[in-house]
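Enquirer: Structure in structure tokens, see below.
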Amino acid sequence: MRLEWLSAAVALLPALGLWAAYPRRSAAAGALFGAALAGGAALLVAAPEAGRAAAALAALWGAGGTALAWRLVRLREAEQSALDARLASVREQRRRMSEELRGLKTRGLSAELAHREASALYGMVKSLSEAMSWEEARPRVEGSLEQYFGPRVEYALYVAGLRGEGEVRPLTVRGLRASPGASWATLERLLQEQGANASSPRAFERPERSVGVPIREGQELLGYLYTRVPEDSSPESWLAKTQSFVSELGVAFRRVKLFQEVERLSEIDGLTGVRRRGAFDKKIAEELVRAKTFKTTFCLMLLDIDHFKSLNDGHGHPFGDQVLKRLGAVLNSLVYDTDFVARYGGEEFAIVLPRAEPAGALRKAEAIRAAIEAERFAVGFEELRVTVSIGLSHFPRDASTSEELVARADAALYSAKSAGRNRVVDSDALRRLS
């Protein structure tokens, strides 16, 4: 019985070896091959003489079968190794292709960004070359800033000499709440605290990550650009990017500034230094539209030099010109930047006071009258005094059109002269008397 079990075990070894080792366990197949040899040898030894042939056949079957199973497993292992190698090669190719694709995408994005920045600069230079005022330039620069730096850029763009030499004012500010760059005064203070000045590019680490770059043409400071540094950028790279943008602004700013200067000079009366009549007509029309749109008020003041014809006749036209010139300087010095002074006629001046209330305008007019009365004009060894009469009217209290407003102020001025000159009359006083 033992011999029969041994024979069965040896006969089953090939199938067992193939089952246990396939597809890639050749070591297991080799071990079963050894077991088959050992079992076959034990079978031959244990078999009786009469059963030797059958035992030999069983041993041969076990050894041959397990050898064949081992061979099949080895072939399968080789095939699988080759397949794994090809698969690894394919995976490596895919990895390299993915890296190349990422590189191409990165280069493509860089090229797209560079193209976008170049387009922004080209568009800005082209559009600014067509701008003849800061009002026209502002939206064009804002659009170029967003296209060049991205839609979430936070910045302040300042213009030097917007209203006077050495004066710096904001042209446009975006998103700089509680930032030192939100006003020129705080920005100047920041530069002083860090030992810097507005004439050199600067990267700031505190109180916030930001950069400031002057806009220059030659040695002249034309403006200043302050921008916050985004989270994903370094101050150094952002500074370089900002300088590239600013490098294209100098010529454009100079051109707009020259246009503005020519326009300003064309509106300035050469003798008195105040605006001409045409500029006044344009200003009062604009102020009327603004006041109607925003439901605000404004005052018109008409001022006339008392006995000016007698001054000219008695002391000559050069003296009259001296009085007009000095009067223009006095008026310019006594009004705010938002106020508007113009020479309305020969010896008559007009002043527009935006958002002025009647009581405040009356005080202003009295201050102007008193200041002019205090002036002294030298004629040889003699000193003369000059006085003025002033008439006031208000929108919308007194009139709804510019023509009516001028007529009301002129009537008040005529009343001041009729009442003895050197005085201020509000048109509302005429209405109460009538």
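The values are calculated or read from the model by the stated rules, or taken from the named source; none is laboratory data. Quick caveat: nothing in here was measured; it's all calculated off a predicted structure. All Cβ positions, even for glycine, are placed from backbone atoms using ideal geometry, and neighbour counts span all protein chains on display.
Enquirer: Of all the residues that make up region 355-402, how many are more than 43 Å from the chain's Cα centre (by Cα) and part of a loop (DSSP other than H, G, I, E, B)?
Expert: So the answer is 8.
Enquirer: Does ASN312 satisfy being touching a helix residue (DSSP H, G or I) at 6+ places or on another chain (Cβ under 6 Å), at pLDDT below 95 and farther than 15 Å from PRO396 by Cβ?
Expert: Numbers: touching a helix residue (DSSP H, G or I) at 6+ places or on another chain (Cβ under 6 Å): yes; at pLDDT below 95: yes; farther than 15 Å from PRO396 by Cβ: yes.
Spelling it out, ASN312 is indeed touching a helix residue (DSSP H, G or I) at 6+ places or on another chain (Cβ under 6 Å), at pLDDT below 95 and farther than 15 Å from PRO396 by Cβ.
Enquirer: Could you list, ordered by first residue, the pairs with Cβ atoms under 8 Å in which the first is in region 351-376 and farther than 25 Å from GLY278 by Cβ and the second is crowded, with 22+ Cβ neighbours inside 10 Å and of a type in the set (Asp, Glu), at least 6 apart or interchain?
Expert: From residues that are farther than 25 Å from GLY278 by Cβ, the pairs are PRO358/ASP426; LEU362/ASP426.
Enquirer: Could you please find all residues in region 256-306 being within 33 Å of the chain's Cα centre (by Cα) and among the polar types (S, T, N, Q)?
Expert: GLN260, THR293, THR296
Enquirer: Just one of (1) over 30 Å from GLY360 (Cα atoms); (2) free of Cβ contacts under 8 Å to residues at least 40 places away in the same chain; (3) surrounded by 16 or more Cβ atoms within 10 Å (Cβ to Cβ) trips up PHE308, so point out which.
Expert: (1)
Enquirer: Continuing with this model, one more query. Check every one of the helices (runs of 4 or more DSSP H) wholly within region 226-309 and list those with 3 or more residues that are modelled with pLDDT of 90 or more and in contact with a strand residue (DSSP E or B) (Cβ under 6 Å, 6 or more places away or on another chain). Lay out the reasoning, then the answer.
Expert: Details: elements: 235-246, 249-267, 277-294.
Per the criteria, 235-246, 277-294.
Enquirer: Among what's in region 147-198 and is loosely packed, with under 12 Cβ neighbours inside 10 Å and closer than 24 Å to GLN260 by Cα, pick the residue that is modelled with the lowest pLDDT.
Expert: Looking at the filtered set, the residue picked out is GLY164.
Enquirer: Hey, another quick one. Can you find, within region 317-349, the residue that is modelled with the lowest pLDDT among those that are surrounded by 15 or more Cβ atoms within 10 Å (Cβ to Cβ) and aromatic (Phe, Trp, Tyr)?
Expert: This residue is PHE319.
Enquirer: Would a scan of region 309-326 turn up a residue that is hydroxyl-bearing (Ser, Thr, Tyr), within 42 Å of the chain's Cα centre (by Cα) and assigned by TED's automatic domain parsing to the domain that holds ALA407? Lay out the reasoning, then the answer.
Expert: Within region 309-326, the subset hydroxyl-bearing (Ser, Thr, Tyr) is 310.
Next cut, within 42 Å of the chain's Cα centre (by Cα) only: none.
Checked against the condition, which is being hydroxyl-bearing (Ser, Thr, Tyr), within 42 Å of the chain's Cα centre (by Cα) and assigned by TED's automatic domain parsing to the domain that holds ALA407, region 309-326 yields no hits at all.
Enquirer: May I ask you to say which residue of PRO214, PRO207 is surrounded by fewer than 17 Cβ atoms within 10 Å (Cβ to Cβ) and in the same structural domain as ALA182 (by TED's automatic domain parsing)? Don't jump to the end; show me each part of the working.
Expert: Working: PRO214 fails: surrounded by fewer than 17 Cβ atoms within 10 Å (Cβ to Cβ).
The match here is PRO207.
Enquirer: Filter region 294-305 down to the residues that are in contact with an Asp or Glu (Cβ under 8 Å, 6 or more places away or on another chain) and under 13 Å from GLU348 (Cβ atoms), then identify the one that is surrounded by the most Cβ atoms within 10 Å (Cβ to Cβ).
Expert: That would be LEU303.
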